[in-house]
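To keep things clear, I will list the structure first and then write my remarks on it.
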Number of protein chains: 4
Amino acid sequence: MCRWLAYSGTPILLENILYKPAHSLIDQSLHSKLGVETTNGDGFGVGWYAPDVDNPGVMRDTTPAWSNRNLQELAGHVRSSMFFAHIRASTGTAVQQTNCHPFRHGRWMWMHNGAITDFHEIRRDLALAVDPELFLDIEGSTDSEMMFFLALTFGLEEDPPGAVARMAGLVERTGHRHGVEFPLQMTVAVTDGRRLWAFRYSSQGASRSLYYSTRVDTLRALHPEVAFLSEVSDDTRLIVSEPPGDLPGAWNEVPESSWGVVQPGANDDLLTFTPAAA
Amino acid sequence: MCRWLAYSGTPILLENILYKPAHSLIDQSLHSKLGVETTNGDGFGVGWYAPDVDNPGVMRDTTPAWSNRNLQELAGHVRSSMFFAHIRASTGTAVQQTNCHPFRHGRWMWMHNGAITDFHEIRRDLALAVDPELFLDIEGSTDSEMMFFLALTFGLEEDPPGAVARMAGLVERTGHRHGVEFPLQMTVAVTDGRRLWAFRYSSQGASRSLYYSTRVDTLRALHPEVAFLSEVSDDTRLIVSEPPGDLPGAWNEVPESSWGVVQPGANDDLLTFTPAAA
Amino acid sequence: MCRWLAYSGTPILLENILYKPAHSLIDQSLHSKLGVETTNGDGFGVGWYAPDVDNPGVMRDTTPAWSNRNLQELAGHVRSSMFFAHIRASTGTAVQQTNCHPFRHGRWMWMHNGAITDFHEIRRDLALAVDPELFLDIEGSTDSEMMFFLALTFGLEEDPPGAVARMAGLVERTGHRHGVEFPLQMTVAVTDGRRLWAFRYSSQGASRSLYYSTRVDTLRALHPEVAFLSEVSDDTRLIVSEPPGDLPGAWNEVPESSWGVVQPGANDDLLTFTPAAA
Amino acid sequence: MCRWLAYSGTPILLENILYKPAHSLIDQSLHSKLGVETTNGDGFGVGWYAPDVDNPGVMRDTTPAWSNRNLQELAGHVRSSMFFAHIRASTGTAVQQTNCHPFRHGRWMWMHNGAITDFHEIRRDLALAVDPELFLDIEGSTDSEMMFFLALTFGLEEDPPGAVARMAGLVERTGHRHGVEFPLQMTVAVTDGRRLWAFRYSSQGASRSLYYSTRVDTLRALHPEVAFLSEVSDDTRLIVSEPPGDLPGAWNEVPESSWGVVQPGANDDLLTFTPAAA
C-alpha cells in the first residue's frame, strides 16, 4: 500500500537519495512498479536525525510527495546520517498528518508498509493491549501506528526484534480469534538513530517487497565510475520497498520471514523472523 | 475554546447567517468577544441537511474559516432548513479534519464547545465505555467526538437528553476517580435533522456562553424594518455561542445547567440539566 | 494533462455523475486511461449553478480528488442542472487553489485540458493582450486561466465561438513569433449557466480526447433497463475528456477542430473550429 | 499586515528565536501587539541558508504558524547563521504558498510587511516595468513579490539600497499617476546569505514598526545572567517587526525613512532612505 526507504551512513543531503536516482522514491509516489497500488499519493513523511538533537525531526504532510515543495526544500538543505522516508497509499483510513509515517516516540522512529487484515474489526482489542501510559500518545487511526505502540508496549526500546515478534504474535492471535485467516502483512523499519532494524513478514508468506543495498565497498569495485559511491562510507546502507536507480548488483531481496539490523560492524546476516507465542 | 451556531427554520442560503451579520460566526473566527480564545483559527466545519437526503452533508477543513473560499462558496450556494457551523480553537489536539466539528453518525450531528479536563489522562477509560461496535467509527482524537460516541452508546438516538445526561455523569465520575475536581465544561448541540437539542453545563457551574434567538414573530413586531425577519418563519431559531449582529431583544442567555429543544410546536421552556448517576 | 466533465440537464445530485459510474471522473483522478498522465492528482474543482443564484459556486482544492472528503460530501448533497468538474495534472505550475479549474468570471465558467506550448516564454506577451480591467482579476498562473481572460477580452460573453477563435488565433500567432511550431493544444468547456459550449482543437491536429453523450431518448431505446436513463430528460448531456461507465452507444467522439453547443432545442451539429486571423 | 524576523549571527537552532522567547514570532501569529492586525494567521514562511548550499531553503505554508507542526519540527532540527521568518495577514490576496514570504531568487531572499495602496489598480503597470526575463519567475499575486521583482529589475544584486530606492520611486510615481496620495508603506528585509539589509519607509511618514537588537557584547554586559547571550557572537543581530522577549535595553527602533545593513565589521549606522526619482 505504501513505499518506504531507510538510509544509514555518511551524512548527505536527503535529495541525493529521495530525488536524484532515476526511479526515486518521489518518482515512485506517482509511478510505483512493485507496489499493490501504482500511485502513493495519500501523504508522505520524512524523519531525520540532526547533530546534537536526540529526537528525530519528522515532517509529514497529506499532499502527494511528488508536488510538495516543502519536502523538496527540506531535502535540498538538510543533511543526515540516518533518515526515513515514506509515501502513503491509504486503504481507507483518513488522509491526515497523524496517519502519515514515520511515527515517533522519543528518539525512536517507525514506518510500515502492509496492513492488518480487517483492522477496523480488531482495532479495539489491539488498543486494549497497549500500555495505558503509552496509549495517551496515539494520535492517528492507522494500523501502522498501533503496531508501533504495541511494539513499544512489548519492549521495543530494549529488544526490538523480540518486541516486534511479540507484536506480530498478538496481531495474529487477535486476528485468528476474529476469524481472519492471514491477519498480518508487513515490512517495517525501526530506528533509535544509531541502529536500524528491518523486518519482512506476512501471515500468508507472501510479503510486500523489501530490498537492501549491497555494501558500498563491493559496489565501488563493481562500478568505479559512479561518483556517488566514492562519497559515502563502506557501511552506508539503504533499505527500500522498491529499488531506486538501476545499478546492477546494488540490490538484494530481503527473504520472506526475516529481519536484519544495520549498525557499525554488522555483517549481512539476515535472521528468521517468527511471531512470538503468547 | 470554540464557537458554534445552530440554525433551524425556513430554508435559506447559509451565507445569510454565517457571513452577513455584523459580528458573524466567520468574523468571530478572527475576533471572538466572549470566548476564552479570541481567535478560533484551528479549522471549522459546517453540516447541513439537503432535501431528500437522509444524512447531513458535512464540510470540514483545517484552515481558518475567515479565509476559506470553499466555505464561502458553499454558504453562497446551498440552502438548508437545518444546519450547524463550528469554528475551532484547539487546546492541543491535532488540527486535522477528523477533529473538526460537527461530527456525524447516520442522520445525527453533534458539535461542542468546552472541554473534558485532563482528557488526555482519562481518554482510555472513556474509550472503553464506548459500545465496541460504535468504537470502530471514531476517527479523530478529540474529547468532543468521544462525548458524542458515549452519548450514542447511552441511547442518543432514542432519548437525547437522557443520553447526554448519562454521558455527562460518566465523564464526571471518571474524572473524579482520576482526582479531577471539575471534569466537564460543555455547550452541546445535537440534531437528527428534524429536532435540535442544546445543552449548557459545567461541573463548576461556570459554563461557556450560550444564547438562543427570540421567536421571530416577537422580533418582527419589535423591528418591522428588518427585511430578513419577514423572510423567515415564526419558529425559525438560532442557538449560538456568541450572538452575531446587534439587534436589541434578539438574544436570550441559556441559563446554567439547562437544556432545550427546538421543534415544531415547541415553546421556549428550558429544563434543568443534571448529569445522571451511574 | 487533465480530465474534465460538463453536465447539462435534469437537476441531479453531482455524485450520480462524479462518483457512481464504473470509470468515473473521480476514479480517473487515480487511473486515467486516455490521458497523457494516468494520474490527475494535482488538485480538482467543481462548479455548479444553484437555483436563484446567478453566479456559479466553485469549490476547488489542491489535494487529489480521489481522497477529498469535502468533494464527496458536496457531491452527495448538492443538486444542479449544470455543472463542471475538473481534475488536474500539473505540468509544472504551482499546485494551488487559484490554478484549479473551473475558472469563474461573473456567471461564466471555463475549464480546459491541454497546454500552450512554452507558455512560460510567451506568458508576458499574452498578459499584455488582456483587457487591463480584466487583468486585475487574474489570480493564478496557468495558461488555462490566461486563455479564459483572453477569450473574455475578445467578447466571450457576446459570442463564445468567435471569442475562443480569436483567443486561439492570438495564441498561435504569439507562439509562432517565438518560434513555437505547434503553440496550442486544447479541449475547452465554457458556460453561462444556460448554454454550454465545447471546443476541441490543436495546432498540430492531434488534440486531446473529447466525447459527448448520445441523446437520452436514443440511449433509453437501446438500454431500457438502465434506471438512470428514465430519471433524466431527453436533452440531458455530458461532455467528457474520457467516457465514464461502459454503456454501448453512449459516447461519440468530438472530431478534431470542431465545436458544438448544448442548449434547449439544439441538435447534434458540430461545426468546424478555426482560429481567427488577426 | 504581517510580522517578520531576520537573524544573522552564530548558527543556532531556529527554535531558539522562533519559539522560545516569551513573545516569540510564533506567539505573535496568534497575538500580535504592535501590528495593524492582531492575528497573522494567513500562512507563514521561513528561509534559511545551509552550509555548502548556495541558495536558501524556503518552507512556506498556508496554515497558521501557531499550529503548524512541520514548522516546529524544522525549527527544532535545523541550525542556520542567517534566516528569515514571516507570518502573514492577508489583505485580500489569496492565501496560497506562492503568496507567502520570504520570496527567493537564486541566492537572494526578500520579505515585506506593509502594502502598496490600491495595488490591485496599479498591478498591471508595475508588472510591465519588470524585466521580461524576470517576469517569468513571478509565481504569486502579492504586492510584496512584485516589489522584489522590481528591485531585482533595478539592480538589487549589485546595489541593494539603490535598487530598493528605485523600486520605491517607481511605486510612488505609478501610484500618484493613479491618484493615490500615499502609495507605499513598507518594512523590507533582503539578504544574499552573507549580508542583510533592512528598510523602513512609507509615503506618509507613518511606517510599520521595525526594531533591531543591541550589539550582543553590550547586552552581555547589561545582563550577564542571560545564558543565551554567552552562546552567540558579539555581532549576532536580529531585526524584527515586533520585539520578542522583554530584555531591557535589547531593542532599538529603526527610525522612519531609513535603512541599514548587517555585515561583518558593520557599525550601527542607519542611513536615510529616499525613493529615487525617475
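Quick notes on this structure:
- Longest DSSP-loop-exposure-free segment, GluC sites (Glu not before Pro), chain A, at most 11 other Cβ within 10 Å: A:1-157
- Interface residues in the range A:94-119 - accessible area drops by 10 Å² or more relative to the isolated chain, probe 1.4 Å: A:94, A:95, A:96, A:97, A:98, A:104
- Of all accessible heavy-atom area on the protein assembly as shown, the percent that carbon and sulfur account for (1.4 Å): 49 percent
- Computed over the range D:2-272: relative contact order in percent, which uses C-alpha pairs under 8 Å that are six or more apart: 20 percent
- When chains D and A come together, the accessible area they lose, probed at 1.4 Å and totalled over both chains, is close to 1800 Å².
- The heavy atoms of residue A:214 present about 20 square angstrom of accessible area, all protein chains included, probe 1.4 Å.
- Between residue D:107 and residue C:118, the modelled labels are 3.2 nm apart [label points 7 Å from Cα along Cα→Cβ].
- Each Lys and Arg contributes +1 and each Asp and Glu -1, all at the Cβ; summed about the Cα centre of chain C, the dipole is approximately 240 debye.
- Given charges at Cβ of Lys, Arg, Asp, Glu: chain C dipole, positive-most of C:51, C:243, C:132: C:243
- Ranked by solvent-accessible area (1.4 Å probe, protein heavy atoms only, all chains present), the residues B:98, C:93 order from largest to smallest as C:93, B:98.
- Neighbourhood charge, 12 Å Cβ-Cβ cut-off, centred on residue D:258 and excluding it, Lys, Arg +1 and Asp, Glu -1: -3
- Within 10 Å of each Cβ in A:65-78, the average number of Cβ atoms from other chains: 6
- Nm distances between copies for residue C:248, ranked from closest, using label points 7 Å along Cα→Cβ: 5.2, 7.7, 9.2
- Extent of the range D:1-72 along its three principal axes (Cα atoms, max minus min coordinate, largest first): 38, 24, 21 Å.
- Farthest positive-ward along chain B dipole, Cα basis, beta-carbon charges - from B:204, B:150, B:29: B:29
- Backbone N under 17 Å from the residue C:206 label point (7 Å along Cα→Cβ), restricted to the range C:153-196: C:180-187
- Computing Rg and the Kirkwood Rh from the Cα coordinates of the range D:142-270 gives a ratio, Rg/Rh, of 1.04.
- Alpha-carbon centroid distance for the pair the range C:81-136 / the range B:114-168, whole angstrom: 47 Å
- Charged side chains reduced to their Cβ positions (Lys and Arg at +1, Asp and Glu at -1) give the protein assembly as shown a dipole of some 0 debye around its Cα centre.
- For chain B, fraction of C-alpha pairs farther apart than 37 Å, in %: 8 percent
- Full extension of the chain between residue A:256 and residue A:22 gives 81.5 nm of extra length, using 0.36 nm per residue less the Cα-Cα distance.
- Those lysines that a straight Cα-Cα span of less than 19 Å connects to residue D:33, excepting residues fewer than 8 apart in one chain: B:33, D:20
- Solvent-accessible area per residue for the range B:2-272 (1.4 angstrom probe, square angstrom): 35 Å²
- Largest-first ordering by accessible area, 1.4 Å probe, given options B:237, B:79: B:79, B:237
The values are calculated or read from the model by the stated rules, or taken from the named source; none is laboratory data. All of these numbers come straight from a predicted model, not from anything done at the bench. Because the Cβ atoms are built from the backbone with ideal geometry, glycine has one as well, and the counts that use them run over all protein chains shown. Accessible surface areas use protein heavy atoms only, side chains included; no ligands, DNA or RNA. Shrake-Rupley method; radii C 1.70, N 1.55, O 1.52, S 1.80 Å.
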